[in-house]
Amino acid sequence: MARIVVIGGGFGGLASAARLAKLGHEVTLLEANTRLGGALGYVEQDGFRWDAGPSSTLLPAVIRDFFRKSGRPAEKEIDLVPVQPVQQHRFDDDTVLDMPGGSRADQLAAVDGALGPGAGERWTRYVDDFAEVWEVLRKDFFERPWSPDHVSKQAQGLLDSRLTLHKMLAKEFKDDRLRLLASHAARFEGHDPRNVPAWVGVWSYVEQNFGSWTVPGGMGQLAEVLAERLRTRGVTVITGCPATDLVVENERVVAVRTTSGDHPADHVVVAIDPRRLPALAKHVERTMPVIPPVTCYLGVSGEVPDLPAEVVLHGDPTIVLRTGGTAPDGAHAWTLFGRGQIAEDLVTALARRGIRIREQVEVRIEKSPVDLVTEWNGSPQGVLWQGRGTLKHRLGTVSPIAGVYLAGAHTTPGAGLPSVGMSAALVAQVIGPAG
Ligand SMILES: Cc1cc2nc3c(=O)[nH]c(=O)nc-3n(C[C@H](O)[C@H](O)[C@H](O)COP(=O)(O)OP(=O)(O)OC[C@H]3O[C@@H](n4cnc5c(N)ncnc54)[C@H](O)[C@@H]3O)c2cc1C
């Protein structure tokens, strides 16, 4: 049995800690805030409750696998239901596309219906091309700690390719709306498609094939269930305890330094931005964190337009409206995220795009990107793509310091709940069961 200290109690840290405890290790989790969950959790005020960050997830198999491997099956713990449509896209020519998830045929029909005959065919042909990419990356990148030593030629070719998402979409589509559709996820996550490798488009394939899923009542429940799982697995959880550095002796980690003393460790899982720990910072000095979006949680009273869970208003700024928060009777909990040039108040910008609720806003909580990074002690959206080299500049599952591993949004395979969940599975795979 090894003594393992996990730094960070976001989804990455929680999932790593539960998996490692189930493998028989003695696990301690350190969280800087008083609350676990990181970006996964709620914002609450005056009877309104919003998901603070994630409100849905692609690839529910990652969550199911986590529950199976750490104790009880997901069905016994949490309700996962599909989101349909996954998003409503509104373009500046007034086209509205309700994009279904989990079905190629439904996407073909919806895109054809909204963007004109032939558009559905062009969209599905584009997504079909990722079937092989998915198979290759699943085996060598998502489900196995990526290393130049064992990676297949095909996977290496994909990961090394100079082709960017922007270039691929410029070649693939004449219709700007299809380009916006295909690049939306990357842009919403804060990246410039000119710096994003083309293979990242594989998430369109994942959404088409496996759909998007949520937890009724809020994705934040997942953090509560995970915290409970740590209790059952006997993980020692210390909140209000920021790690300040790693203690390294003879090139091997021996402890985690915190503001209240050292925690001895045989292994350490870093599930935070490694730039925040001086011992690791020099290994990631060429990376930059993604800046979170401008965010506004709204409590809205009275009649509102009937909208799906997520509406994307393309333009500059691009506004993403999420409608699924819980609210008192007759009211609604909405969240607005803004990306791009934000020259005016998001509610005003929303009104200009045809959704007028300004007079009905009862509660309003505004968060700047700086507020969010300060609250979450880092960016939950991980490392900014700066070209294909970013993969080499960020750290993978195994760090250069013996005994130190990485999980969470800042390591491989990346940000977003599916990738972060996979990063925890990779850490557990590398450390393995207690001997
Ligand atoms: C606005 C927004 C919307 C999003 N929407 C979605 C979505 O709908 N679907 C989706 O899949 N993904 C979404 N994401 C991305 C997803 O939420 C994140 O990628 C994921 O939650 C990151 O988990 P994490 O554990 O890596 O990091 P975090 O959630 O950032 O957790 C890190 C934790 O570590 C703690 N910590 C930091 N430094 C220290 C330290 N020195 N010592 C101890 N503890 C420390 C922090 O306090 C925090 O609790 C969204 C992100 C944002 C910001």
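The values are calculated or read from the model by the stated rules, or taken from the named source; none is laboratory data. Here the structure is a predicted model, which means the values were calculated and not measured. Counting neighbours? That spans all protein chains shown, and the Cβs are built from the backbone with ideal geometry, glycine included. Accessible surface areas use protein heavy atoms only, side chains included; no ligands, DNA or RNA. Shrake-Rupley method; radii C 1.70, N 1.55, O 1.52, S 1.80 Å.
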### Task
For region 168-184, indicate whether the set of residues that are acidic (Asp, Glu), within 26 Å of Val427 (Cα to Cα) and either open to solvent by 30 Å² or more (accessible area, probe 1.4 Å) or more than 16 Å from the ligand (Cβ to nearest atom) (or both) is non-empty.
no
### Query
Can you name every residue in region 20-43 that is under 18 Å from Thr57 (Cβ atoms), small (Gly, Ala, Ser) and in a loop (DSSP other than H, G, I, E, B)?
Gly38, Ala39, Gly41
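Scan region 186-212 for residues that are open to solvent by 30 Å² or more (accessible area, probe 1.4 Å) and in contact with a Leu (Cβ under 9 Å, 6 or more places away or on another chain) and jot them down.
Just the residues of region 186-212 that are open to solvent by 30 Å² or more (accessible area, probe 1.4 Å), to begin with: 187-189, 192, 194-195, 203, 205, 207, 209-210.
Answer for region 186-212, where residues must be open to solvent by 30 Å² or more (accessible area, probe 1.4 Å) and in contact with a Leu (Cβ under 9 Å, 6 or more places away or on another chain): Arg187, Asp192, Arg194, Asn195, Trp203, Glu207, Phe210.
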### Query
Do we find that Glu249 is more than 13 Å from the ligand (Cβ to nearest atom) and either open to solvent by 30 Å² or more (accessible area, probe 1.4 Å) or out of contact with any Gly (no Cβ under 7 Å at 6 or more places or on another chain) (or both) in this structure?
yes
### Message
I'd like to verify a number: residues in region 1-19 that are small (Gly, Ala, Ser), within 6 Å of the ligand (Cβ to nearest atom) and not in a strand (DSSP E or B), how many?
### Response
4
### Task
Assess whether Ile272 counts as being modelled with pLDDT of 95 or more, within 14 Å of the ligand (Cβ to nearest atom) and in the same structural domain as Ile365 (by TED's automatic domain parsing).
no
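Considering only residues that are in a helix (DSSP H, G or I) and surrounded by fewer than 21 Cβ atoms within 10 Å (Cβ to Cβ), which ones fall in region 100-114?
Of all residues in region 100-114, those in a helix (DSSP H, G or I) come to 104-114.
Once the filter is applied, which keeps residues that are in a helix (DSSP H, G or I) and surrounded by fewer than 21 Cβ atoms within 10 Å (Cβ to Cβ), region 100-114 yields Arg104, Ala105, Asp106, Leu108, Ala109, Ala110, Asp112, Gly113, Ala114.
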### Task
Say whether the condition of being without any contact (Cβ under 8 Å) to a residue 12 or more places away in the chain and over 11 Å from Val237 (Cα atoms) is met by at least one residue in region 26-38.
no
### Message
Restricting to region 306-361, give me the number of residues that are more than 28 Å from the chain's Cα centre (by Cα), under 27 Å from Val215 (Cβ atoms) and free of Cβ contacts under 8 Å to residues at least 60 places away in the same chain.
### Response
3
### Summary
By residue number, the members of region 322-361 that are of a type in the set (S, T, N, Q) and open to solvent by less than 60 Å² (accessible area, probe 1.4 Å) are Thr323, Thr326, Thr335, Thr348, Gln360
#### Entry: In region 44-67, residue nearest to the ligand (Cβ to nearest atom) [restricted to those that are open to solvent by less than 20 Å² (accessible area, probe 1.4 Å) and part of a loop (DSSP other than H, G, I, E, B)]
Gly53
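Listed here are the residues, each with its yes/no results for (1) in contact with a Lys or Arg (Cβ under 8 Å, 6 or more places away or on another chain); (2) in contact (Cβ under 8 Å) with a residue 24 or more places away in the chain; (3) open to solvent by less than 40 Å² (accessible area, probe 1.4 Å); (4) in a helix (DSSP H, G or I).
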residue: Lys69; (1), (2), (3), (4): yes, yes, no, yes
residue: Pro85; (1), (2), (3), (4): no, yes, yes, no
residue: Asp93; (1), (2), (3), (4): yes, yes, no, no
residue: Asp98; (1), (2), (3), (4): no, yes, no, no
residue: Arg125; (1), (2), (3), (4): no, no, no, yes
### Message
Out of the residues in region 362-389 meeting the condition of being touching a Gly at 6+ places or on another chain (Cβ under 7 Å) and under 28 Å from His332 (Cβ atoms), tell me which one is least open to solvent (accessible area, probe 1.4 Å).
### Response
Val363
